[in-house]
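Inspection log for the structure reproduced underneath, given as structure tokens.
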Amino acid sequence: AHDDTCLMLAARCLARGNGNFYLYYKISEEKVVLRTGDRLEYDVYLHPDQPVPKGGVDVQLDEGNVRDSNARDGDGRRAHGDAILDAAKGRWLRRSIDLSHLAGRRTERWDLHCEGDPAGLYVQFVDNVELARADGTRIAVYRDGRPQRDEIDWREGYGKDARLAVVP
């Protein structure tokens, strides 16, 4: 993450017990038809003290979403918000997720997500969210400043006081 600003999302999981708790925070409604060779790319940094190292970006599509499509990054980690991202704990991780199998579908919403189930505060930093095309072009979803959208998309078990901030 070498740009001037990035996004910081802070959200608290309030739920206790066994469950599937999550928060999806909308940053864009950029509409793009996916092509063979497209990759979702972004930088993510997870605060080292959050209960579990989970976070990142998901995309809602006209049919389904990236997280449930079995998409994986170059290191074999699932694109799903429930994936453990030890490599992003306390340091920046660049993710590149192949979306070729979703060619023809259209993006609807771009969300930052918290999927940690243990109660506690989850803080992540995200930057340089883009769709990298096979021809070398890039479609920027977020690079600097305020995002296109700034609202909770949906949640279960997380407080409604989640905050998104632009930070240096």
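The values are calculated or read from the model by the stated rules, or taken from the named source; none is laboratory data. These figures come from a predicted structure and were not determined experimentally. Please note: Cβ atoms are built from the backbone with ideal geometry, for glycine as well, and neighbour counts cover all protein chains shown. When the accessible area is computed, the model is the full protein with side chains, heavy atoms only, and any ligands, DNA or RNA have been set aside. Shrake-Rupley method; radii C 1.70, N 1.55, O 1.52, S 1.80 Å.
Quick notes
- Every condition in (1) of a type in the set (D, E, K, R); (2) within 20 Å of Arg138 (Cβ to Cβ); (3) assigned to a loop (DSSP other than H, G, I, E, B) holds for Glu63 except the one numbered (2).
- Some residue of the range 75-82 being at pLDDT 95 or above, within 17 Å of His47 (Cβ to Cβ) and under 15 Å from the mean Cα position of the chain (by Cα): no
- When residues of the range 50-66 are limited to those that are of a type outside the set (A, V, I, L, M) and open to solvent by less than 30 Å² (accessible area, probe 1.4 Å), the one farthest from Asp135 (Cα to Cα): Gln50
- Cβ pairs under 6 Å, 6+ apart, first in the range 144-155 and touching a residue at least 12 places away in the same chain (Cβ under 8 Å) and among the β-branched types (Val, Ile, Thr), second exposed (fewer than 13 other Cβ atoms within 10 Å of the Cβ) and not in a loop (DSSP other than H, G, I, E, B): none
- Qualifying residue in the range 89-104 (condition: in contact with a Lys or Arg (Cβ under 6 Å, 6 or more places away or on another chain), part of a loop (DSSP other than H, G, I, E, B) and free of Cβ contacts under 8 Å to residues at least 40 places away in the same chain): no
- Residues that are among the hydrophobic types (A, V, I, L, M, F, W, C), outside any loop (DSSP other than H, G, I, E, B) and either modelled with pLDDT under 95 or under 24 Å from Ala103 (Cβ atoms) (or both) within the range 16-36 comprise Ile27, Val33, listed in sequence order.
- Residue satisfying all of: in the range 150-168; of a type outside the set (A, V, I, L, M, F, W, C), in a strand (DSSP E or B) and farther than 21 Å from Ala119 by Cβ; farthest from the chain's Cα centre (by Cα) among these: Glu151
- Residue count for the range 11-49, restricted to those that are of a type in the set (Val, Ile, Thr), open to solvent by less than 60 Å² (accessible area, probe 1.4 Å) and touching a helix residue (DSSP H, G or I) at 6+ places or on another chain (Cβ under 6 Å): 1
- Only residues that are in a loop (DSSP other than H, G, I, E, B) and more than 28 Å from His101 (Cα to Cα) were counted in the range 112-149, giving 6.
- Residue that is over 17 Å from Asn128 (Cα atoms) and not aromatic (Phe, Trp, Tyr), where the choices are Arg95, Arg16, Arg91, Arg39: Arg16
- Residue within the range 120-140 that is touching an Asp or Glu at 6+ places or on another chain (Cβ under 6 Å), under 28 Å from Thr36 (Cα atoms), open to solvent by 40 Å² or more (accessible area, probe 1.4 Å) and among the acidic types (Asp, Glu) present: no
- Checked against (1) in a loop (DSSP other than H, G, I, E, B); (2) over 16 Å from the mean Cα position of the chain (by Cα), Arg12 passes all but condition (1).
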